[in-house]
Amino acid sequence: MASVVTVLGSWTVKPETPTPQPRIHKLSNLDFHISFENYTKQVYYFPPSSRDDLVASLKASLSRVLVPFYVLAGRVRKAEDGHKLEVDCNDAGVSFVEASAPDASFSDWKNMAFCSIEQHLNPSDVAITDPDTAPIFKVTKFKCGGIALGILTAEVILDGSSFFAFVNSWSEIHRGLPLSRPPVFASNIFQARQPPAIILPVRDYYSSPIYNTHSAKATDVTCEYVVKMFEMDPDQVDDLIRDVHSGPYSYGRPPTSFEATSAMIWKATTEARDLQDSIITSYVYAISLKGKNRWNPPVPASYIGNSIHSPCLTAKAGDIKSRHLSYAARLFHEDILSTTQEHMQSAIDWMEMELGRGRKINLNGDFVSGTGIYSTSLHSFPVYSVDFGWGKTVHYSLVMQPPWYGNGVTVILPSPRGGRHRRLLISLPAIHMKKLVNHEFFRKYTTLGS
C-alpha cells in the first residue's frame, strides 16, 4: 500500500526550566563501544485520542521531562582532548514534528509489525557530531485516529534501558504524575582507573583508526537484505527450554529463555548460512551491568547512559551445527557466569588507552562476511505498558532499515500479547533468510509473522 505522511508543523522544544550553565556531561567509555555514531529509530503505536490539544500537550510535557533529562536537550561535541565526545548541556532543545497520514489506517495491515509506511514515521539517520543534530520526536495521526510516536535518540547517550526509562518518565509527566524514577546521570560510575590497568585480557572489543569503516555499521551494501519477524508462543518457549535441559550438554538447572533462544538463533542461522566447519562464528550479546551482583557499588536502576557490556562469544561453525542445541546454550551459560566485574573494568581501562591514542572502539564480532550475529534483547522491557493517558501501546517497533548493524542482526522483542510471548526480528541476506524460514529445526520453535 502506498501512502503519504505529510508534515504539518515542526518546533524546537527546550527544557521548561533552564539548565544552570555551563554544564558538560562527560560520556563514559561504555558509551563509545556501542554508539555506531547514529541514532536508534523506534516507533510506538497508540490507539486514537479524543484530545484536540494532543500535540500541544505532548510538547508541554516533553518540555517538562527535559528538565530532569536535560542531557537530551544538549548537543554532542568533541571534548577538549580531541579523542572523546561529550554533551554540552546547553538547552539547545529537541525537534518535535507533527504529521498526518490521511490515507492510512491501522486496519490496513493485519499486523502493525508490517506497517509499510513505518520508515516515514520518523526521519532518516543523522550524524550525532553535527552541531545542529538533536533527538527527534514525530507524532503522526492516522486516518483511523491512531497515533504513531516516532523517536530518534543517540545510542551514545541512551541505551535500551535508559530509553525506555525516558519514555516512561515522559508518559508519567504527561499524565500529571510525579516521576517514579528520577534519572541519574553519573558516568563516573564506569570511569577508568588511573593509571589504566588491564588485569584480564580484553576479548570482546578491538580498536581501529577512526577512518576505518570495518565496524559493526559496515556491511556488504550490494547484497539484498531481508528483515523478517518470527513469533514464539509460551508453548514453543517451554519446548525449547525442555529440549535444551534434556540435551547432552545441559548444566544442572533449566536454561533461561535468553540462553535457550540465543542458542536456537545461533545454531539455526549458522546452518542456514551453511558455513564451513572450520569457520569461527561469533555471537555478540549484551550483559546489563544493572543486574544483581554485576557491579560494586551497584549501578542505580535509574542510571541514564550505556550500562551494558557486549561479550563476543565464538565457536567453530562445525561444533554449532553438529552438536546438540544444548551445546550452544551451555556456551552462553558459562560465558555469562564467568564474566566478572574485573573483565569489564579491564575493558574500560583498555578503552581509555585506545581512545587516548585517537582510535575507535569496535565490537569484536564479524558482521561483514556473514559469520557473526549481533543480538540485542528487549523482551524484558515494559514496552506495552507505556500510557500517555489515552491508552497503552498497541504495537512497538525498533525500526530496522537493512543493512542495520550488519549481516545477522537479531532483536528479541516483547509481544503485544504479553507474558512469555516473544518476537524475533532478524536481518539476513535474502538467500540465507529463505533457508532460515524453511529450516525445520527453526520452524519447530518459531512461527513466521503474518
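The values are calculated or read from the model by the stated rules, or taken from the named source; none is laboratory data. From a predicted model like this one, the values you see are computed outputs, not experimental measurements. When we count neighbours, we look across all protein chains shown, and the Cβ atoms used for this are built from the backbone with ideal geometry, even at glycine. These accessible areas exclude ligands, DNA and RNA; they are computed on the full protein's heavy atoms, side chains included. Shrake-Rupley method; radii C 1.70, N 1.55, O 1.52, S 1.80 Å.
Structural remarks
- The lone exception for Gly406 - which of (1) touching a Lys or Arg at 6+ places or on another chain (Cβ under 9 Å); (2) of a type outside the set (S, T, N, Q); (3) on the phi < 0 side of the Ramachandran plot; (4) modelled with pLDDT under 95 it fails: (3)
- Positions within the range 247-262 being over 20 Å from Ile373 (Cα atoms) and touching a residue at least 12 places away in the same chain (Cβ under 8 Å), in sequence order: Gly247, Pro248, Tyr249, Ser250, Tyr251, Pro254, Pro255
- Qualifying position, being crowded, with 22+ Cβ neighbours inside 10 Å and in the same structural domain as Gly419 (by the TED database), among Ala301, Ala317, Ala329: Ala329
- Long-range neighbours under 6 Å by Cβ, at least six apart or interchain, first residue within 15 Å of Asn29 (Cβ to Cβ) within the range 178-196, second of a type in the set (Ser, Thr, Tyr): Ser187/Ser28; Phe190/Ser28
- Residues of the range 313-352 that turn out to be of a type outside the set (A, V, I, L, M, F, W, C) and closer than 18 Å to Phe258 by Cβ, as a count: 8
- Only one entry in Ser262, Ser278 is part of a loop (DSSP other than H, G, I, E, B), out of contact with any Cys (no Cβ under 6 Å at 6 or more places or on another chain) and at pLDDT 95 or above, namely Ser278.
- Test for Val67: is it aliphatic (A, V, I, L, M) and either surrounded by fewer than 16 Cβ atoms within 10 Å (Cβ to Cβ) or assigned to a loop (DSSP other than H, G, I, E, B) (or both): yes
- The conditions of being assigned to a strand (DSSP E or B) and of a type in the set (Ser, Thr, Tyr) are not met by Ser61.
- In the range 186-213, the residues that are surrounded by 13 or more Cβ atoms within 10 Å (Cβ to Cβ) and either in contact with a strand residue (DSSP E or B) (Cβ under 6 Å, 6 or more places away or on another chain) or part of a helix (DSSP H, G or I) (or both): Ser187, Ile189, Phe190, Asp204, Tyr205, Tyr206, Ser207, Ser208
- Selection count, the range 7-42, where residues are in a strand (DSSP E or B) and either at pLDDT below 95 or open to solvent by 60 Å² or more (accessible area, probe 1.4 Å) (or both): 11
- Screening Thr140 against (1) in contact (Cβ under 8 Å) with a residue 12 or more places away in the chain; (2) farther than 20 Å from Val71 by Cα; (3) part of a loop (DSSP other than H, G, I, E, B) leaves a single unmet condition, (3).
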